[in-house]
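Participant: The structure that follows is given in the form of structure tokens.
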Amino acid sequence: MRLVIDESRCKGCNLCTLVCPYRIFRPGTTANRRGVIVPELDRPERCANCRLQHLYGRRLCGVCQMICPDQAITWEEEGPCEPVKVAIEY
Amino acid sequence: MTYEDWFREDRLPHIYCVGCGNGTVINCTLSAVDQMGWNKEETVFVSGIGCSSRAPGYIVTDSLHTTHGRAIAFATGIKMANPDLKVIVFTGDGDLAAIGGNHFIHGCRRNIDLTVVCMNNMIYGMTGGQGSPTTPPGALSTTTPYGSREAAFDLCGLAAAAGANYVARYTSYHVTELTRAVRAGLESPGFSFIEALVQCPTNYGRRNKFRQVLDQIEYFKSHALLVQKANRMREEGKKIPDDMIIIGELARRNRPALGVRK
Ligand SMILES: Cc1ncc(C[n+]2csc(CCOP(=O)(O)OP(=O)(O)O)c2C)c(N)n1
Ligand code: SF4
Ligand code: SF4
Ligand code: SF4
Ligand SMILES: [Mg+2]
């Protein structure tokens, strides 16, 4: 699964930057076409839900999605790809 | 189904301001409804007037967007006409406690089987920031330019005293707990009241030293005090500072409920 921010919905409030235990969301720097400064994702593959949703068969963590007042955070299915090693700091 | 399936995708993004806490409360409520496994045909959302009361307009189920303050009155009608429907009310502090105060009290007294979620931003958001019955003493609003001199309503205390079966308070920071509380409210027969304190950056925060959206959320985080801990502090004779927000489950009982099929 891949974590994505829907740029057509995000209003740039940065609430997501406050809640992620891995600090995946960082305040953005440049405004998009709509004038919204969307947060940047720092190595989103570390997200617990990206890694483990399929294994557990349910949504894990998900607090960023719950607190996002604009329903802008979702996960997308990914196509088959090369395995990559993901470093998680505990 | 997931909670996302309850939104009217074509109506999003909603009209709420940047960082408005109302959106978070809608997420938590829909997530709780989804966990209940209810279907869209048997679920009805009802609201009055205000920013908070616009919520049902973004949800796929049947809904009633009623006149200011009358959400609980309309919801009572729905529930009495067809007790099989699951009725959830979205309301604001002004809608619920000012113009709708009497409906609120009598809803609790009747213990009608509704779940009422109040997005308390401590202000009249939609009309430009007038003081509401929950505006804290000292807070600035357009009608209290020198700071409010009135005491604020404790909405949960009011609901519990008037007879509601389930009462809980959380904030828009406590998303997991809030979802759990709404779920507990949906599960319990009778009147369930969940107060969610929310940030209103535009009309409350801006005037009350919360310049950024995150400032008021940080305040909720640092000033929330779990009710069990508050009780312990009282027993030990410690003083709880006035600005603390008592969160948690504040009442759960089993008074006879109205609108439940026998
Ligand atoms: C009968 C009536 N009186 C007054 C109004 C004006 N009015 C619209 S919204 C509102 C206050 C809403 O405050 P609240 O319920 O706290 O909702 P918020 O916008 O803060 O979410 C008022 C007074 C109205 N629409 N109808
Ligand atoms: S689901 Fe949890 S771990 Fe994943 S991005 Fe959101 S807050 Fe971070
Ligand atoms: S919480 Fe949602 S709307 Fe706010 S910045 Fe993050 S993605 Fe955007
Ligand atoms: S005025 Fe306040 S309550 Fe209304 S949408 Fe804006 S931030 Fe939210
Ligand atoms: Mg209000």
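Participant: Using beta carbons and a limit of 9 Å, which pairs, at least six apart or on different chains, have the first residue in the stretch B:122-136 and small (G, A, S) and the second one near ligand 1 (Cβ under 9 Å from one of its atoms) and open to solvent by 30 Å² or more (accessible area, probe 1.4 Å)?
Facilitator: B:G125/B:C51; B:G131/B:Y124; B:S132/B:A98; B:S132/B:Y124
Participant: Just checking, which of B:C156, B:C108 is closer than 20 Å to B:A73 by Cβ and either more than 16 Å from ligand 3 (Cβ to nearest atom) or among the polar types (S, T, N, Q) (or both)?
Facilitator: That would be B:C108, the only listed residue that is closer than 20 Å to B:A73 by Cβ and either more than 16 Å from ligand 3 (Cβ to nearest atom) or among the polar types (S, T, N, Q) (or both).
Participant: For the structure I just gave you, tell me whether A:C13 is within 12 Å of another protein chain (Cβ to nearest Cβ), crowded, with 18+ Cβ neighbours inside 10 Å, closer than 23 Å to B:G23 by Cα and not β-branched (V, I, T).
Facilitator: Details: within 12 Å of another protein chain (Cβ to nearest Cβ): yes; crowded, with 18+ Cβ neighbours inside 10 Å: yes; closer than 23 Å to B:G23 by Cα: yes; not β-branched (V, I, T): yes.
Taking the combined requirement at face value, the residue satisfies it.
Participant: While we're here: Check off (1) open to solvent by less than 50 Å² (accessible area, probe 1.4 Å); (2) touching a strand residue (DSSP E or B) at 6+ places or on another chain (Cβ under 9 Å); (3) within 14 Å of chain A (Cβ to nearest Cβ) for B:V175 and give me the number that stays unchecked.
Facilitator: (2)
Participant: Take the conditions more than 14 Å from every other protein chain (Cβ to nearest Cβ) and of a type in the set (S, T, Y) and apply them to B:S192. Does it pass?
Facilitator: The answer is yes for B:S192.
Participant: Which residues, counting only those in the stretch B:129-141, are in contact with a Ser or Thr (Cβ under 9 Å, 6 or more places away or on another chain) and either closer than 20 Å to B:I194 by Cβ or open to solvent by 30 Å² or more (accessible area, probe 1.4 Å) (or both)? Write out each step before concluding.
Facilitator: First, the residues of the stretch B:129-141 that are in contact with a Ser or Thr (Cβ under 9 Å, 6 or more places away or on another chain): B:129-132, B:135-141.
If the condition is that a residue be in contact with a Ser or Thr (Cβ under 9 Å, 6 or more places away or on another chain) and either closer than 20 Å to B:I194 by Cβ or open to solvent by 30 Å² or more (accessible area, probe 1.4 Å) (or both), then B:Q130, B:S132, B:P136, B:P137, B:G138, B:L140 are the ones that fit.
Participant: I'd like to know if the stretch A:57-69 contains one or more residues that are open to solvent by less than 90 Å² (accessible area, probe 1.4 Å), within 14 Å of another protein chain (Cβ to nearest Cβ), within 16 Å of ligand 1 (Cβ to nearest atom) and under 22 Å from B:Y58 (Cα atoms).
Facilitator: There is at least one residue in the stretch A:57-69 that is open to solvent by less than 90 Å² (accessible area, probe 1.4 Å), within 14 Å of another protein chain (Cβ to nearest Cβ), within 16 Å of ligand 1 (Cβ to nearest atom) and under 22 Å from B:Y58 (Cα atoms).
Participant: Scan the stretch B:187-212 for residues that are part of a helix (DSSP H, G or I), touching a residue at least 60 places away in the same chain (Cβ under 8 Å) and open to solvent by less than 20 Å² (accessible area, probe 1.4 Å) and report the count. Lay out the reasoning, then the answer.
Facilitator: The first filter runs over the stretch B:187-212 and keeps only residues part of a helix (DSSP H, G or I), leaving B:187, B:205-207.
Checking which are touching a residue at least 60 places away in the same chain (Cβ under 8 Å) leaves us with B:187, B:207.
Next, from what is left, pick out any that are open to solvent by less than 20 Å² (accessible area, probe 1.4 Å): none.
Count: 0.
Participant: A:H54 is checked against (1) within 16 Å of ligand 5 (Cβ to nearest atom); (2) open to solvent by 30 Å² or more (accessible area, probe 1.4 Å) and fails just one. What number does that condition carry?
Facilitator: Only one criterion in (1) within 16 Å of ligand 5 (Cβ to nearest atom); (2) open to solvent by 30 Å² or more (accessible area, probe 1.4 Å) is unmet by A:H54, namely (1).
Participant: For the stretch B:232-256, what are the residues that are open to solvent by 70 Å² or more (accessible area, probe 1.4 Å) and outside any loop (DSSP other than H, G, I, E, B)?
Facilitator: The answer is B:R232, B:R234, B:E235, B:E249, B:R252.
The values are calculated or read from the model by the stated rules, or taken from the named source; none is laboratory data. What you see is a predicted model; the values in this text were computed from it and never measured. So basically every Cβ, Gly included, is an ideal-geometry build from the backbone, and we count neighbours across all protein chains shown. These area figures cover heavy atoms from the full protein model, side chains too; ligands, DNA and RNA do not enter into them. Shrake-Rupley method; radii C 1.70, N 1.55, O 1.52, S 1.80 Å.
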